[in-house]
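The values are calculated or read from the model by the stated rules, or taken from the named source; none is laboratory data. The structure presented is a predicted model; accordingly, all values stated were derived computationally and were not measured. Here the Cβ positions follow ideal geometry from the backbone for every residue, glycine too, while neighbour counts run over all protein chains shown. Accessible surface areas use protein heavy atoms only, side chains included; no ligands, DNA or RNA. Shrake-Rupley method; radii C 1.70, N 1.55, O 1.52, S 1.80 Å.
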Amino acid sequence: VEKAKFLYSAGFFLTVSPESMLTVAKHAAETGKYCMINLAAPFICQFFKDPLLKLFPYVDFIFGNECEARTFAQVQGWETEDTRVIAVKMAALPKASGTHK
């Protein structure tokens, strides 16, 4: 983790240790590294929404397919199924350390 410039995790790890994911994501934000997460499955967006949202301010890239994105939007009450709109809204979520250039 110390030597890495890019940190990536599947969202499935939220089911096991959300605290570990948050620690690594915060480390990335504090040291100028890139943190990436994959939504992994619709149920992550549904049943692990709170730890996922707690993690997002420290994440630079979010990966997901159309079903995962639509599920995330539905859980957030965004009232859209347009994945382009969802992507823009996800990109506009607050960041803890600004953005990478």
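Condition first: open to solvent by 50 Å² or more (accessible area, probe 1.4 Å) and closer than 18 Å to Gly11 by Cα. Now tell me which residues in segment 91-101 satisfy that.
Ala91
Hey, among the residues in segment 42-90 that are out of contact with any strand residue (DSSP E or B) (no Cβ under 8 Å at 6 or more places or on another chain) and of a type in the set (Val, Ile, Thr), which one's surrounded by the most Cβ atoms within 10 Å (Cβ to Cβ)?
If we take residues in segment 42-90 being out of contact with any strand residue (DSSP E or B) (no Cβ under 8 Å at 6 or more places or on another chain) and of a type in the set (Val, Ile, Thr), then Ile44 is surrounded by the most Cβ atoms within 10 Å (Cβ to Cβ).
Taking segment 33-59 on its own, how many of its residues are touching a residue at least 40 places away in the same chain (Cβ under 8 Å) and within 18 Å of Lys3 (Cα to Cα)?
Summing the residues that are touching a residue at least 40 places away in the same chain (Cβ under 8 Å) and within 18 Å of Lys3 (Cα to Cα) in segment 33-59 gives 1.
Are any residues in segment 29-61 of a type in the set (Lys, Arg) and either under 8 Å from the mean Cα position of the chain (by Cα) or in a helix (DSSP H, G or I) (or both), and if so, which ones?
Those that are of a type in the set (Lys, Arg) and either under 8 Å from the mean Cα position of the chain (by Cα) or in a helix (DSSP H, G or I) (or both): Lys49, Lys54.
Give the residues of segment 63-77 that are more than 12 Å from Cys45 (Cα to Cα) and touching a helix residue (DSSP H, G or I) at 6+ places or on another chain (Cβ under 6 Å), sorted by residue number.
Matches in segment 63-77: Glu66 only.
List the number of the failed condition for Val1; all other conditions in (1) part of a helix (DSSP H, G or I); (2) exposed (fewer than 14 other Cβ atoms within 10 Å of the Cβ); (3) more than 13 Å from the chain's Cα centre (by Cα) hold.
Failed condition: (1).
When segment 32-41 is examined, which residues are found to be open to solvent by 30 Å² or more (accessible area, probe 1.4 Å) and within 17 Å of Val75 (Cβ to Cβ)?
Listed by number, the list holds a single entry, Asn38.
Tally up the residues in segment 8-31 that are touching a residue at least 24 places away in the same chain (Cβ under 8 Å), surrounded by fewer than 15 Cβ atoms within 10 Å (Cβ to Cβ) and within 14 Å of Ser97 (Cβ to Cβ), please.
The number of residues fulfilling the criteria is 1.
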